[in-house]
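*Asks:* Take this structure, written in structure tokens, and hold onto it; I'll ask about it next.
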Amino acid sequence: MSTSIDSTTLVVPEALVFGPVTRTDFVRYQGASGDMNPIHHDEEFAKAAGFPAPFAVGMFQAGLLASWATAWLGAENVRSYRVRFKEQVWPGDVLTCTGAVTREYAEGDEQRVDLELTCARQTGGVAITAWATFVVPAAS
Amino acid sequence: MANPDAVGRSGSPFTLDVERGKIREFARATGSSDPAYLQGDHPVSPPTFLTTQFFWQDGDANAWQLVELNQQRGLHAEQEYTFFGPPPKAGTRLTAQSTITNMFEKQGRRGGPMTFVEMVTEFRDESGALVAQAKMTGVETGRAPEEEK
């Protein structure tokens with residue numbers, strides 16, 4: 001059933017490099033999202049919980065990675081986005097968001113692609129892995 | 001400790017208005033300057049935007065509180081959004097409801113036993129059509145994990 005799609009539409013764009021991330025980035029995301037867990041901005045609370053500093057809300061880097069993917073394939077075209085949180089992101093980290101197409105296929109009369117995406121820290125450690133599905137509009 | 005009796009329980013339905021200003025704020029906070037989020041009267045919402053459901057869950061609408069996870073040892077393990085068409089646009093009024101769907105334990109490599117909890121939230125538009133579904137997996141660790149070296 002699957003038909004190939006125009007691969008010229010699927011050239012992976014340049015990675016998004018973001019940072020060094022700051023507590024301000026965390027706080028701005030927390031305000032935007034409504035998740036005000038103090039472990040992401042309150043130094044004393046984070047230390048009392050056994051962490052060396054406040055760390056990023058996982059959904060912050062999930063949002064960054066989604067921003068990279070939708071800038072590439074179109075915000076209206078996303079049909080699923082699943083994130084697994086792996087390593088915490090700390091103030092001062094530089095994050096690199098990128099990804100690759102893992103599958104191209106037809107579903108009904110739509111062309112779709114599945115992606116595997118990563119947001120990595122400057123250490124090489126993977127902060128999050130994500131999987132996304134996008135509809136690919138017919139080339140005009 | 002997580003409360004196992006929470007499984008199968010739902011929060012009360014709540015309304016979520018997808019708003020242009022909130023989309024702009026969220027896009028800015030997630031490193032995006034994509035015109036799709038910033039231009040026009042009815043921009044589309046970003047893939048993780050429905051996390052803003054927190055703002056709309058008053059009182060009994062927040063099913064997550066039924067789980068009673070320890071906030072100091074609670075972490076987000078996975079998050080998934082599924083869209084049954086384009087993501088909702090500014091101007092859409094969604095009705096949503098969250099249900100605690102699963103809870104299970106695993107032995108962690110560090111930090112002792114871990115309790116995983118899953119919550120599914122369904123978002124319907126004014127016609128009652130299911131437009132999006134969110135699935136959150138949270139984990140309560142036995143003790144605070146050490147920083148990755």
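*Asks:* Out of contact with any Asp or Glu (no Cβ under 6 Å at 6 or more places or on another chain), basic (K, R) and closer than 23 Å to B:S33 by Cα, is that true of A:R79? Explain how you work it out, then say what you get.
*Replies:* Details: out of contact with any Asp or Glu (no Cβ under 6 Å at 6 or more places or on another chain): yes; basic (K, R): yes; closer than 23 Å to B:S33 by Cα: yes.
Yes.
*Asks:* Then there is this: Counting only residues that are within 30 Å of A:T96 (Cα to Cα), not in a loop (DSSP other than H, G, I, E, B) and not hydrophobic (A, V, I, L, M, F, W, C), which one in the stretch B:1-32 is nearest to the other protein chains (Cβ to nearest Cβ)?
*Replies:* Once the filter is applied, the top-ranked residue is B:E25.
*Asks:* Here are some conditions: (1) within 11 Å of another protein chain (Cβ to nearest Cβ); (2) outside any strand (DSSP E or B). B:A134 meets all but one. Which one does it not meet?
*Replies:* Failed condition: (2).
*Asks:* Only one of (1) in a strand (DSSP E or B); (2) touching a residue at least 60 places away in the same chain (Cβ under 8 Å); (3) surrounded by fewer than 18 Cβ atoms within 10 Å (Cβ to Cβ) fails for B:K106. Which number is that?
*Replies:* The number of the failed condition is (2).
*Asks:* Collect the residues in the stretch A:68-87 that are under 14 Å from A:I128 (Cβ atoms) and within 7 Å of chain B (Cβ to nearest Cβ), keeping them in residue-number order.
*Replies:* Those that are under 14 Å from A:I128 (Cβ atoms) and within 7 Å of chain B (Cβ to nearest Cβ): A:Y81, A:R82, A:V83, A:R84, A:F85, A:E87.
*Asks:* Which numbered condition in (1) out of contact with any His (no Cβ under 9 Å at 6 or more places or on another chain); (2) within 30 Å of B:D58 (Cα to Cα) is the only one that A:F85 fails?
*Replies:* Going through the list (1) out of contact with any His (no Cβ under 9 Å at 6 or more places or on another chain); (2) within 30 Å of B:D58 (Cα to Cα), A:F85 breaks only (1).
*Asks:* Something else about it: Anything in the stretch A:78-98 that is closer than 16 Å to B:G31 by Cα and either β-branched (V, I, T) or in contact with a Cys (Cβ under 9 Å, 6 or more places away or on another chain) (or both)? List them, or say none.
*Replies:* A:V89, A:V94, A:L95, A:T96, A:C97, A:T98
*Asks:* When the residues of the stretch B:54-66 are filtered to those that are touching a Ser or Thr at 6+ places or on another chain (Cβ under 6 Å) and crowded, with 18+ Cβ neighbours inside 10 Å, which remaining residue is nearest to the other protein chains (Cβ to nearest Cβ)?
*Replies:* Looking at residues that are touching a Ser or Thr at 6+ places or on another chain (Cβ under 6 Å) and crowded, with 18+ Cβ neighbours inside 10 Å, I get B:A61.
*Asks:* Which of the residues spanning the stretch A:32-67 are facing another protein chain (nearest Cβ under 8 Å) and closer than 22 Å to B:P35 by Cα?
*Replies:* Hits for the stretch A:32-67 are A:A32, A:S33, A:M59, A:F60, A:A62, A:G63, A:L64, A:A66, A:S67.
*Asks:* Could you pull out the residue among A:E107, A:E76 that is acidic (D, E), at pLDDT below 95, over 20 Å from B:E78 (Cα atoms) and out of contact with any His (no Cβ under 7 Å at 6 or more places or on another chain)? It would help to see each step written out before you state the result.
*Replies:* Numbers: A:E76 fails: at pLDDT below 95.
Residue meeting the stated conditions: A:E107.
*Asks:* Are any residues in the stretch B:67-123 away from chain A (no Cβ under 11 Å) and on the phi > 0 side of the Ramachandran plot, and if so, which ones?
*Replies:* B:E68, B:G91, B:G112
The values are calculated or read from the model by the stated rules, or taken from the named source; none is laboratory data. For clarity, every value in this text was computed on a predicted model and none was experimentally measured. Using ideal geometry, Cβ is built from the backbone for each residue, glycine included, and neighbour counts are taken over all protein chains shown.
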